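The values are calculated or read from the model by the stated rules, or taken from the named source; none is laboratory data. Small disclaimer: the values here were computed from a predicted structure and weren't measured. Note that each Cβ is placed from the backbone with ideal geometry, even for glycine, and that neighbours are counted across all protein chains shown. Note: areas computed on protein heavy atoms with side chains; ligands, DNA, RNA excluded. Shrake-Rupley method; radii C 1.70, N 1.55, O 1.52, S 1.80 Å.
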Amino acid sequence: MTEKEKILARVREALTLPAPPPGQPHSHQHPALPINLRFRNPTPSRWLPDVGATFESRLALFAKNAADLKAEFHLVDSRDESLKILLSLRDTEGWKKVGSHSGELADPVCEALGLPICRTDRAYEVHELESCDAGISECDALVAQTGSVLVTGRSAGGRALSVLPPHHVVLARKQQLIADLPEAFALLKRKYAGNYPSFISLITGPSRTGDIERILVLGAHGPKKLTILCF
């Protein structure tokens, strides 16, 4: 028997053992559930961390999680305030060109920056986006439970905009703040059912790795900086 066959044999053996419902300790004495119920869980939020019942509590949780993840989160009262933050970032970081896409939130702020724009929802050369100092995109939702930004290829200008530029700026509305991952998946189903985007991603802080001697390094596989503007 080859090593591959041994591994597959162990997997087949493990699959014959019943698994307890989530939240219960593993025990081989636990009776197997009927096959039609084994993988069905109508209320997954029961086993997930509490996110609070009010908008304010969820907003505070998202802000805390974003800060823990080394992301910058700004809650502002208007588009003009968000533009002031973007202008400050432009001047402080010396932006020369940005990448973005057409959108109700993205268009006004990008035009006000007064910089060349690489539009990723149109035909473009990859090297043009690679030379951008920042990528400015919209999103589908902000997830309070994890401090994540939910994006798709349709909401965020394709696959590359949130990955190639070293600074990713996300524009979001307050109404896009949701509680947890089950709500995020429900939103995707409701919004895209029958025609899902080919790219769906949860961005949880700037790109990072800790592979080398467990030392955290930001920007290893994508943007080194993530800024979220919510208004």
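Descriptive notes on the structure:
- Mean Cα-pair separation over length for segment 147-219, i.e. relative contact order, pairs under 8 Å, 6 or more apart, %: 45
- Mean sequence separation of contacting Cα pairs (under 8 Å, at least six apart), scaled by the length of segment 49-154, corresponds to a relative contact order of 32 percent.
- For V76, the solvent-accessible surface with a 1.4 Å probe is about 10 Å², rounded to the nearest 10.
- In the elastic network of the chain, a GNM with C-alpha springs shorter than 10 Å, the most mobile of A179, A60, A144 is A60.
- In a simple Cβ point-charge model (Lys, Arg +1; Asp, Glu -1; nothing else charged), segment 66-200 has a dipole of about 380 debye relative to its Cα centre.
- 0 to 90° range, to nearest 10: angle between helix 79-93 axis and the chain longest Cα axis: 80
- A Cβ-based charge dipole, computed about the Cα centre of segment 133-182 with Lys and Arg at +1 and Asp and Glu at -1, lands at about 100 debye.
- Point-charge dipole on Cβ atoms (K/R +1, D/E -1) for the chain, about Cα centre, debye to 20: 780
- Most to least accessible of K97, K6 (protein chains only, probe 1.4 Å): K6, K97
- The share of alpha-carbon pairs in the chain lying farther apart than 27 Å comes to 46%.
- In terms of its alpha-carbon gyration tensor, segment 58-195 comes out oblate; a/c meets the 1.5 threshold, while b/c is at least as large as a/b.
- Greater than 20 Å apart at Cα, pairs in K96/K174; K84/K224; K84/K225: K96/K174; K84/K224
- Top positive-direction residue, dipole computed over segment 42-135 with Cβ charges, set G52, H74, I85: G52
- Tensor-based shape of segment 131-231 (alpha-carbon gyration tensor, a/c under 1.5 rounded, otherwise prolate or oblate): prolate
- Taking F199, F62 and ordering them by how much accessible surface each has at a 1.4 Å probe, largest first, produces F199, F62.
- The gain in end-to-end length when the A60 to S131 segment is fully stretched comes to 22.0 nm, 0.36 nm per residue minus the alpha carbon separation.
- Heavy-atom accessible area with a 1.4 Å probe sorts L113, L8, largest first, into L8, L113.
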